[in-house]
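The structure appears right after this line, and notes come after that.
Readers should treat all values here as calculations from the given coordinates under stated rules, not as data from a laboratory. Just so you know, these numbers come straight off a predicted model, no measurement behind them. For neighbour counting, all protein chains shown are included, and Cβ atoms are generated from backbone atoms with ideal geometry for every residue, glycine included.
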Amino acid sequence: MRNSDSFGETGRSIRVLIADNHPMGAQLLADALRRSHRFGTVLAANRAAEVAAISADQAVDVALISADFEGEPGRGFKLAQEVQAKSTETKVVILLDIPDRDSVVQAFRAGCHGVFCRARSVKDLPKCIACVHAGQIWANSQELGYVLAALREPQPLRVVNSTGVPLLTKREMAVVKCVAEGLTNRETAAQLSLSEHTVKNYMFRIFDKLGVSSRVELVLYVASQLQSEPSLSSGSDACEALSAASASIGAQ
């Protein structure tokens, strides 16, 4: 008899992909899962091309991906995003050698649903995958603490093009930050030790570079940039900035 968490809503067994940096590691983890009655298809891969081929060829419910992949530190985080971009139904768990703060936060910013440390017993892995498949988050209290701490930290403001290249100079970015905080031109000038006329000139250049025509459009542009980042931010800061910018329009 199978446990109730062995199946999804369709009644089929969970399909798993193990993508480990080491071929032997991938195979050992896959074998451990195959011995459990919770899973149907369990596939192993140790190359990004193999992961892409498997993801394209068949549906995968949960993918366990090593943070360091193909000899490249942190490659697994990018691979996790690629897998989820191809299939929104696939949930990813990042496999970590050491669950340090930066790695845990980066995993969740990449859209993963859990982190699993190699130091844990392999007996916990089936439960981890079943929980993630059921829509739960797999992380211990310390790892969740890392994520909560990251949520409280202000995220850096970035305005970039599709390839990640900054569109504005550092001084222009400083002006944009003031606008996003709802400051008027006069307040921005005082904040940056500039003349109000200089701030207006910066605004004209910023509008021209970003293809916007108002302060509200500028804040909306910045908000869209923040939302496109693999971040845990809720977006409330952007909403507050938009409200502040809207209220300050009459003062310009």
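The simple Förster model, with R0 at 30 Å and r as the Cβ-Cβ distance, assigns Gln136 and Leu220 a FRET efficiency of 0.30. Amide H contacts under 5 Å for Phe69: Gly74, Arg75, Gly76, restricted to partners 5 or more places along the chain or on a different chain, H placed in the peptide plane at 1.01 Å from N. Listed by chain and number, the lysines placed with their C-alpha closer than 28 angstrom to that of Lys123 are Lys78, Lys91; residues fewer than eight positions away on the same chain are left out.
Placing a label point 7 Å from the Cα of Leu28 along the Cα-to-Cβ direction, the residues of the range 81-104 whose backbone N falls under 15 Å from that point are 96-98.
With Cα atoms as the point set, the range 4-151 shows a radius of gyration and Dmax of 13.9, 39 Å. Spelling out what I want: for every residue of the range 21-33, take phi, set θ = phi - 60°, compute 6.51 cos²θ - 1.76 cosθ + 1.60 (Karplus), and round to whole Hz; glycine and proline get x. Here the 3J(HN,Hα) series is 5, 10, x, 5, x, 4, 5, 5, 5, 5, 5, 4, 6 Hz. The label-point distance for Ala174 and Glu70, in a model that sets each label 7 Å from Cα toward Cβ, rounds to 4.1 nm. 3J(HN,Hα) along the range 53-64: 5, 5, 4, 6, 7, 8, 6, 10, 7, 9, 10, 9 Hz, from the Karplus curve 6.51 cos²θ - 1.76 cosθ + 1.60 with θ = phi - 60°, whole Hz, x for Gly and Pro. Ser103 sits among other residues whose Cβ lies under 11 Å from its own Cβ, and their net charge, with Lys and Arg +1 and Asp and Glu -1, is -3. Under the simplified labelling scheme, the Val212-Gln81 pair shows an inter-label distance of 2.2 nm, with each label point 7 Å from Cα along Cα→Cβ. Less than 5 angstrom separates the built amide H of Ser87 from none of the residues sequence-distant by 5 or more or on a different chain.
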